[in-house]
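**Student:** Provided herewith is a single structure, encoded as structure tokens, for subsequent inquiry.
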Amino acid sequence: MTRKRILSGMRPTGRLHLGHLHGALGNWVDLQNSGSYDCFYFVADWHAITSEYASTESIRDNSINMVIDWLAAGLDPDKSTLFVQSAIKEHAELFLLLSMITPLAWLQRNPTYKEMQAELTSKDLSTFGFLGYPVLQAADIIMYKAYGVPVGVDQLPHIELTREIARRFNYLYQKDVFPVPEPLLTSVPKLLGIDGRKMSKSLDNSINLSDRGTELRQKIASMFTDPQRMRKKDPGNPDICNVFTFHGLYSPREVVAEINRSCRVAGIGCIDCKKMLSARIEEALAPVQERMDYYLSHLQEIHCIITDGNARATKIARQTMEEVREAVKI
Ligand code: TRP
Ligand code: SF4
């Protein structure tokens, strides 16, 4: 029995945070541990350059640190193939060939493209590479003939484009080289950063997997709660409190129920509620940080893991490219 192959990637943006853990990364670990899939996870470092081309100096370190965070979170190189996009030059060749067959209009109407260009006004994203981002992503995915791609909803337009590109290739060259991949949607609890906005590194409001001790406690102590609750004697509303959302993920059900009750009648105060949360998160992150510390002091092992993953990925990429060149007759 061959297991279905799944593939996903992340841009190396620096240390990962709890938003990543409860979003994509946790799902990656679960899919790996389910034993039902042959998992490929990669560092999308070329994708990082599409927006960071003017300051690439941290991409290498970020890539290594991200792999460390993956392993800390529970990805296991004996079960999953972990690799780095830029080490597999075949991605560039397939990207080139796919770019030949992708109509410009498909890229120009991509909502993610339009949004990012509107949002990241500090960067000039009117480049060829940035417009071609989804074509490179399509190459990443179909190179491995992935059956499924675990992603969040924000990535759906990219997966849809990948499907269209795969179909177009098969049609143009009259050969079913590429299976059409399915998105495997991750349902993500809405976790906000400490300031109540979406948790994000660039907003400097994240709780990182590496946060511990005083720093972690201070971050949690500064979290926004129910804005209507000014004083301890005011009743609160856990339904709109981000601290409570985190309790839902980190505290036992009885504790969550008790906070839910007590907050509404001004029983428990926010300071105590946050202290309880700090203790739970510290406890949950302890084994993650233990693995993180191990790898930080065994960097050579990280390099071996990546080299090994790259070799496994290369093997498949080479095979696919032979079929592709054959189909294209080049
Ligand atoms: N675009 C994805 C993101 O921003 C990263 C990515 C690149 C990716 N290539 C991929 C995800 C292939 C899944 C499959 O998160
Ligand atoms: Fe939020 Fe807890 Fe304060 Fe209630 S007591 S508002 S749940 S932090």
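The values are calculated or read from the model by the stated rules, or taken from the named source; none is laboratory data. Please read these numbers as outputs of a predicted model, since none were measured by experiment. Neighbour counts are summed over all protein chains in view; Cβ atoms, including those assigned to glycine, are modelled from backbone coordinates with ideal geometry. In case anyone asks, the SASA skips ligands and DNA or RNA and just uses the protein heavy atoms, side chains included. Shrake-Rupley method; radii C 1.70, N 1.55, O 1.52, S 1.80 Å.
**Student:** Within the accessible area of the chain, what % is carbon and sulfur when the probe is 1.4 Å and the other protein chains stay in place? Intermediate results must be reported in sequence, preceding the final value.
**Tutor:** On the way: 8900 of 16530 Å².
That share works out to 54 percent.
**Student:** Write down the accessible area per residue of the stretch 202-288 in Å², having rolled a 1.4 Å probe over the full set of protein chains. It would help to have the intermediate numbers written out before the result.
**Tutor:** On the way: 4820 Å² over 87 residues.
Value returned for the stretch 202-288: 55 Å² of accessible area per residue.
**Student:** So, one more: Can you run the Rg to Rh ratio on the stretch 213-293? Use alpha carbon positions and the Kirkwood inverse-distance Rh. Can you show the working numbers first?
**Tutor:** Working: Rg = 13.1 Å, Rh = 13.1 Å.
Checking Rg against Rh, the ratio lands at 1.00.
**Student:** Still on this structure, I have one more. In whole Å, what are the extents of the chain along the principal axes defined by its C-alpha atoms, from largest to smallest?
**Tutor:** Answer, in whole Å and largest first: 75, 42, 41 Å.
**Student:** Another question about this same structure. Going through the DSSP H helices of the chain, which span 20 Å or more along their own axis at the Cα atoms while scoring at least -1.0 as a mean Kyte-Doolittle hydropathy? List each step's numbers first, then the result.
**Tutor:** Working: long enough: 59-73 (21 Å, 0.45); 156-172 (24 Å, -0.34); 270-296 (36 Å, -0.15); 299-328 (42 Å, -0.31).
Counting only whole DSSP H runs, the qualifying helices are 59-73, 156-172, 270-296, 299-328.
**Student:** So, one more: Would you calculate, for the chain, the mean residue ellipticity at 222 nm contributed by helices, counting each DSSP H stretch of 4 or more residues as -39,500 (n - 2.57) and dividing by all residues, to the nearest 500?
**Tutor:** The per-residue figure over the chain is -17000 deg cm²/dmol.
**Student:** Can you tell me which of 98-110, 231-243 comes out highest on packing, and rank the rest after it, using the mean Cβ neighbours within 10 Å? Show your work: numbers first, answer last.
**Tutor:** Values: 98-110: 14.1, 231-243: 15.6.
Ranking, from highest mean packing down: 231-243, 98-110.
**Student:** Now, a different point. Sequence neighbours fewer than 8 away in the same chain don't count; with that in mind, list the lysines whose C-alpha is under 25 Å from residue 114.
**Tutor:** 123, 190, 198, 201
**Student:** When we measure straight from the Cα of residue 275, which aspartates and glutamates land under 20 angstrom away, once same-chain ones fewer than 8 places off are left out?
**Tutor:** 195, 211, 215, 226, 234, 239, 254, 258, 283
**Student:** Contact order normalised by length for the chain, with contacts defined as Cα pairs under 8 Å and 6 or more residues apart; what percent is it? Don't skip to the answer; put the middle values down first.
**Tutor:** Details: 461 pairs, mean separation 71.7, N = 330.
Relative contact order of the chain: 22 percent.
**Student:** What distance in nm separates the two pseudo spin-label positions at residue 230 and residue 185, each 7 Å out from Cα along the beta-carbon direction?
**Tutor:** Going from the residue 230 label point to the residue 185 one covers 4.2 nm.
**Student:** Full extension from residue 289 to residue 53: what is 0.36 nm times the residue separation minus their Cα-Cα distance, to one decimal in nm? Intermediate values should be presented prior to the final figure.
**Tutor:** Values: separation 236, 0.36 × 236 = 84.96 nm, distance 3.16 nm.
Net length gain for the segment: 81.8 nm.
**Student:** By a straight-distance test (C-alpha under 16 Å), which aspartates and glutamates pair with residue 175 as possible cross-link partners, with residues fewer than eight away in the same chain excluded?
**Tutor:** Excluding near neighbours in sequence, the set is 164, 322, 323, 326.
**Student:** Tell me the per residue accessible area of the stretch 118-178 using a 1.4 Å probe; a whole number in Å² is fine. List each step's numbers first, then the result.
**Tutor:** On the way: 2720 Å² over 61 residues.
About 45 Å² of surface per residue is accessible.
**Student:** OK, next. Hey, what did the stretch 131-219 get for relative contact order, percent, Cα under 8 Å, at least 6 apart?
**Tutor:** Here the relative contact order equals 26 percent.
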